[in-house]
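S.K.: Sharing a structure below in structure tokens format, with a few things to ask.
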Amino acid sequence: MGRMKRHGWKRQKNIRTLFLFELLCKAAFTMIFYPFCTAAFRLLLRITGYSYLTLENLARFVRQPATILVIFLLLLAGALFYLVEAVSLIVFYQGYIKEKRVTVVQILFPGLKEVRYLLGQKHWMALLLFSLPNALVTLSPMLIVFAIQLKVPAYIARTVTSKPYGTFFVVVFLLLCLFVSFFGMYSLYYCVLGEYSFLDGFRRSVRVVRQKLFTLIGCCVGINLLLSAIYAVIYIGVLILACYLIYLTKSEEVLMAALLTAYDEVMIYMGVMITVVTQIVNYAVLARLFTKYGMPFLPGNRIEKFQEQIAYEDAARQLEYTNGERVLKRMDSHYTRLTALVVAAVVFVNAYGLIDAFRNGSLTDRETLFGTYITAHRGSSAAAPENTLAALERAIDDMADFAEIDVQETRDGVVILMHDASLRRTTGARARVSDLTYAQIVELDAGVWFSGDYAGVHVPTLEEALKLCKGKINLNIELKAGKSTALNDDLTEKVLRLIDLYDMEDQCMISCTDQAMLAKVKDYNSKIKTGYILSFAYGMFYNVDYIDFFSMKSSFVNESTVKTLHSLGKEVHAWTVNSRSETERMKQLGVDNIITDHPVMVREIVYEENVRMGFFKLLGFIRP
């Protein structure tokens, strides 16, 4: 009984160690490998001469030699990342099955050392190439979710399958990946635990799988069907909880938009969770089957020797300390210190990324290729007085991706939010913005004209708007151009300095009807996106390097214009789209940003096809 309790306690600790290790791996992948891929992608855009990638120029971009080379290198890097995790999991299950206490140190460093040894053999390229289909099969839940949720994978899939025999080749490729992964399931086990070369390990794996084919198929299919049933229950439970919380916390007006946003979040997190759990469980099952059908874990292999070395070093160093210095014992092992440094680095990178996301508002940002942006025109101006903090707060509540605001200067040089040159329409004052100081303008009522509920609302400064929106919503700042070049330059510089002051270059883009002002923006900071506002489109208006997007009246947006601008890497923003029919038309044309007074309605139309009707049936069940 005592022995069983000791083994149970060891295994319980090992399970905690396993989840800690998996958390470390996924955090490292998310905050190290993924940003590295993003940086490589941006470098590729500069090398290939594209400002922005769109669906229309994607095919030409992928065919570039530099793109092919970088994609190949990234795939190899991804395979290497996966290989380290897979080998480390095999190392863990060796100790787990032998009922030995295993620490994160005894997983990570033997795993890294074993990968280095395997890559030092002559078949290292075959090993990496074998890891690619393995990773594809293992990470398939997460990849499927991303393919459904993100626009680019869906576009690529539609393009490939639309070609002659495209679907056939896709199916053959996926079956080939599954075939290689299944028959080579024990290749790494033989390499790591049996100390075989990769090709010998692969041959032995094929031999074992063929001998126990139906048994292995039954085990693999059975455990994954059981996991699928568990995931389905968890998925339904999470959706019910999300629906209930949204119903309790959101108003009727934004209920549908909140559901659409929640559905995307639930799908992504479920995909990641399913991938992690499935990977852990499947490796555990394979390890058990390996000891039964493949070969027993041999004593004295490279892994065990290295683990014993780590344990011996740790124990030897602990003997050097007195009882009063026990706090230092756990951190004095050479490998323990290295692991602590790795964990600290991952935690730091993750923390910095999250802080930077909140600080710069990148949590609110999505690449154009991942969907259509929705911009609240002058804030949610159908629900609150335009260009006020109340309108911006409503845009945030409506979950718009952007809020469009108009800025100009007062007589004393303060940048305020105001569309018209005259104050009369929104404040009742018979004066121009440039005729009054901000101290005079702030005394005016900018809300009572809209509704008595907003009486007393003042005209805000751009600085107030930036403070409110930081980390909450992106901004499209329209510079109201005047007749004086000097005044236009002054307005541009003041807006850019405020964006710098609040560190919001990733959260703001600037639009204007004056191309000279946009050129000045790019000279000041090339990272800020710039947009040229057009009432209509005709001629060669689009061939300008310092303009990233064109904002035009929706009635002048047509298929030819969208395709032409997208082929040049330019975005198309359509304004002001307030009807369901026009929203549907913009959606079909594939514009990148819809500017509207009704962001909730537009979101429902644009994204409703991404949400299964069962999600809304759940809401109907919860609501009285």
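The values are calculated or read from the model by the stated rules, or taken from the named source; none is laboratory data. Keep in mind that this is a model prediction, so the values were computed, not measured. Here Cβ is always computed from backbone atoms with ideal geometry, including for glycine, and neighbour counts include all displayed protein chains.
S.K.: Hey, does the stretch 181-196 have a residue that's under 29 Å from Gly95 (Cβ atoms), surrounded by 14 or more Cβ atoms within 10 Å (Cβ to Cβ), without any contact (Cβ under 8 Å) to a residue 24 or more places away in the chain and not charged (D, E, K, R)?
M.R.: Keep residues of the stretch 181-196 that are under 29 Å from Gly95 (Cβ atoms), which gives 181-196.
Next, from what is left, pick out any that are surrounded by 14 or more Cβ atoms within 10 Å (Cβ to Cβ): 181-196.
Then keep just the ones that are without any contact (Cβ under 8 Å) to a residue 24 or more places away in the chain; that gives 196.
When the remaining residues are screened for being not charged (D, E, K, R), the result is 196.
Scanning the stretch 181-196 turns up at least one residue that is under 29 Å from Gly95 (Cβ atoms), surrounded by 14 or more Cβ atoms within 10 Å (Cβ to Cβ), without any contact (Cβ under 8 Å) to a residue 24 or more places away in the chain and not charged (D, E, K, R).
S.K.: Also: For the stretch 172-200, name all the residues that are within 37 Å of the chain's Cα centre (by Cα) and not hydrophobic (A, V, I, L, M, F, W, C).
M.R.: Ser181, Gly184, Tyr186, Ser187, Tyr189, Tyr190
S.K.: Out of all the residues in the stretch 105-125, which are over 21 Å from Phe92 (Cβ atoms) and either under 31 Å from the mean Cα position of the chain (by Cα) or of a type in the set (D, E, K, R) (or both)? It would help to see each step written out before you state the result.
M.R.: Keep residues of the stretch 105-125 that are over 21 Å from Phe92 (Cβ atoms), which gives 120-125.
Answer for the stretch 105-125, where residues must be over 21 Å from Phe92 (Cβ atoms) and either under 31 Å from the mean Cα position of the chain (by Cα) or of a type in the set (D, E, K, R) (or both): Lys122, Met125.
S.K.: Taking the condition of being touching a helix residue (DSSP H, G or I) at 6+ places or on another chain (Cβ under 8 Å) and small (Gly, Ala, Ser), how many residues in the stretch 100-121 meet it?
M.R.: 1
S.K.: Modelled with pLDDT under 80, under 15 Å from Cys25 (Cβ atoms) and of a type in the set (A, V, I, L, M): does that describe Ile107? If you could, list the steps in order and put the result at the bottom.
M.R.: On the way: modelled with pLDDT under 80: yes; under 15 Å from Cys25 (Cβ atoms): yes; of a type in the set (A, V, I, L, M): yes.
Taking the combined requirement at face value, the residue satisfies it.
S.K.: Residues to consider are Glu463, Glu478; find the one that is at pLDDT 95 or above, touching a helix residue (DSSP H, G or I) at 6+ places or on another chain (Cβ under 7 Å) and among the charged types (D, E, K, R). Walk me through it before giving the result.
M.R.: Working: Glu478 fails: touching a helix residue (DSSP H, G or I) at 6+ places or on another chain (Cβ under 7 Å).
Sole residue among the options that is at pLDDT 95 or above, touching a helix residue (DSSP H, G or I) at 6+ places or on another chain (Cβ under 7 Å) and among the charged types (D, E, K, R): Glu463.
S.K.: Give the residues of the stretch 441-482 that are part of a loop (DSSP other than H, G, I, E, B), surrounded by fewer than 21 Cβ atoms within 10 Å (Cβ to Cβ) and not charged (D, E, K, R), sorted by residue number. Step through it out loud before you land on a result.
M.R.: Our first condition is that a residue be part of a loop (DSSP other than H, G, I, E, B); within the stretch 441-482, this holds for 442-451, 455-460, 470-473, 480-482.
Those left that are additionally surrounded by fewer than 21 Cβ atoms within 10 Å (Cβ to Cβ): 442-445, 448-451, 455-456, 458, 470-472, 480-482.
Result: Val442, Leu444, Val448, Trp449, Phe450, Ser451, Ala455, Gly456, His458, Gly471, Ala481, Gly482.
S.K.: Does the stretch 126-135 hold any residues that are buried (at least 16 other Cβ atoms within 10 Å of the Cβ) and either more than 31 Å from the chain's Cα centre (by Cα) or among the aliphatic types (A, V, I, L, M) (or both), and which are they? First the steps, then the outcome.
M.R.: Of all residues in the stretch 126-135, those buried (at least 16 other Cβ atoms within 10 Å of the Cβ) come to 127-128, 130-135.
Selection gives Leu127, Leu128, Leu132, Ala135.
S.K.: Kindly check whether there is at least one residue in the stretch 401-410 that is part of a loop (DSSP other than H, G, I, E, B) and either of a type in the set (A, V, I, L, M) or surrounded by fewer than 19 Cβ atoms within 10 Å (Cβ to Cβ) (or both).
M.R.: no
S.K.: Could you tell me whether Leu80 is over 22 Å from Lys26 (Cβ atoms) and in a helix (DSSP H, G or I)? Can you show your working first?
M.R.: Numbers: over 22 Å from Lys26 (Cβ atoms): no; in a helix (DSSP H, G or I): yes.
The answer is no for Leu80.
S.K.: Then there's this: So how many residues does the stretch 570-591 have that are at pLDDT 90 or above, out of contact with any Leu (no Cβ under 9 Å at 6 or more places or on another chain) and not in a helix (DSSP H, G or I)?
M.R.: Within the stretch 570-591, residues that are at pLDDT 90 or above, out of contact with any Leu (no Cβ under 9 Å at 6 or more places or on another chain) and not in a helix (DSSP H, G or I) number 7.
S.K.: On the given criteria, is Ser555 within 20 Å of Ile594 (Cβ to Cβ) and not acidic (Asp, Glu)?
M.R.: Working: within 20 Å of Ile594 (Cβ to Cβ): yes; not acidic (Asp, Glu): yes.
Criteria met by Ser555.
S.K.: Further, regarding this structure: Just name the residue that is surrounded by the most Cβ atoms within 10 Å (Cβ to Cβ) out of those in the stretch 375-394 that are of a type outside the set (Val, Ile, Thr) and more than 19 Å from Val448 (Cα to Cα).
M.R.: Taking the stretch 375-394 first, the residues of a type outside the set (Val, Ile, Thr) are 376-387, 389-394.
Of the ones still in play, those that are also more than 19 Å from Val448 (Cα to Cα) are 376-377.
Working: Ala376: 32, His377: 27.
So the residue we want is Ala376.
S.K.: When residues of the stretch 429-440 are filtered for being among the β-branched types (Val, Ile, Thr) and surrounded by fewer than 18 Cβ atoms within 10 Å (Cβ to Cβ), how many remain? It would help to see each step written out before you state the result.
M.R.: Going residue by residue through the stretch 429-440, those that are among the β-branched types (Val, Ile, Thr) are 433, 437.
Those left that are additionally surrounded by fewer than 18 Cβ atoms within 10 Å (Cβ to Cβ): 437.
So the answer is 1.
S.K.: Among the listed residues Ile71, Ile47, which satisfies the condition of being closer than 27 Å to Lys563 by Cβ, modelled with pLDDT of 80 or more and hydrophobic (A, V, I, L, M, F, W, C)? Reasoning before the result, please.
M.R.: On the way: Ile47 fails: modelled with pLDDT of 80 or more.
The match here is Ile71.
S.K.: A follow-up question, please. Taking the stretch 467-502, which residues are free of Cβ contacts under 8 Å to residues at least 24 places away in the same chain, under 26 Å from Leu534 (Cβ atoms) and among the basic types (Lys, Arg)?
M.R.: Correct list: Lys483 only.
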